[in-house]
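The values are calculated or read from the model by the stated rules, or taken from the named source; none is laboratory data. For clarity, every value in this text was computed on a predicted model and none was experimentally measured. Cβ: placed from backbone, ideal geometry, glycine included. Neighbour counts: every protein chain shown.
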Ligand SMILES: [Zn+2]
């Protein structure tokens, strides 16, 4: 990671979020301070602020910053990983969003603020503005059910099985239950995901779903 890149991107970030500071310690860049925002994602304008800490990994911008909320407002059960960093969404979806505007400002505006907005919205309204995703593999199940637009976990399991096994055969019946051939139904979407994810990406999800007593016969 180039020093100049971080400094330029931080200047751009600070032009909108002026209470943040940049420091380097132990070879890693840290951005800390108050993030003050006004956002309107779900037809409700919310103005709020959070104490945040972003750790910019060595491999940035090939991977996203790691985000923490340091004011103890957001409880552990609200989409946080075990070590306390914020779970901003399904990792592939987070990456996809970031890669469209791969800067610190892009990350804050497109990945972090929507997360903080949803927590503020929950506190105000007692419900989340977007469909709630649970943690880890359960969250991934919900994410892919949404992506593939399939209602049952059983239908999804068939599609995940294909992704996990990496064997695409377009002539089989699509596991979603449409009775169409795979290539005329979910096939193109499955192929697109297969091509953009490393092998093994769906292994843990497949195992998790298998343990939930799902079976996929074809
Ligand atoms: Zn289908």
(message) One residue is enough: does segment 97-105 have a residue meeting the conditions modelled with pLDDT of 90 or more and closer than 24 Å to residue 205 by Cβ?
(response) yes
(message) Taking the condition of being within 13 Å of the ligand (Cβ to nearest atom), part of a helix (DSSP H, G or I) and crowded, with 20+ Cβ neighbours inside 10 Å, how many residues in segment 164-198 meet it?
(response) 3
(request) Residue by residue through segment 36-55, note down the ones that are within 17 Å of the chain's Cα centre (by Cα) and crowded, with 18+ Cβ neighbours inside 10 Å. (result) 54
(request) Please state which one of 96, 82, 124 is in contact with a strand residue (DSSP E or B) (Cβ under 8 Å, 6 or more places away or on another chain) and surrounded by fewer than 20 Cβ atoms within 10 Å (Cβ to Cβ). (result) 124
(message) Cβ-Cβ distance below 8 Å, separation of 6 or more or different chains: which pairs start in segment 176-205 with a residue that is without any contact (Cβ under 8 Å) to a residue 60 or more places away in the chain and at positive phi and end on one that is assigned to a helix (DSSP H, G or I) and within 16 Å of the ligand (Cβ to nearest atom)?
(response) 177/155
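Have a look at 33, 27 and point out the one that is on the phi > 0 side of the Ramachandran plot and either in contact with a strand residue (DSSP E or B) (Cβ under 7 Å, 6 or more places away or on another chain) or surrounded by 12 or more Cβ atoms within 10 Å (Cβ to Cβ) (or both).
Details: 27 fails: either in contact with a strand residue (DSSP E or B) (Cβ under 7 Å, 6 or more places away or on another chain) or surrounded by 12 or more Cβ atoms within 10 Å (Cβ to Cβ) (or both).
That would be 33, the only listed residue that is on the phi > 0 side of the Ramachandran plot and either in contact with a strand residue (DSSP E or B) (Cβ under 7 Å, 6 or more places away or on another chain) or surrounded by 12 or more Cβ atoms within 10 Å (Cβ to Cβ) (or both).
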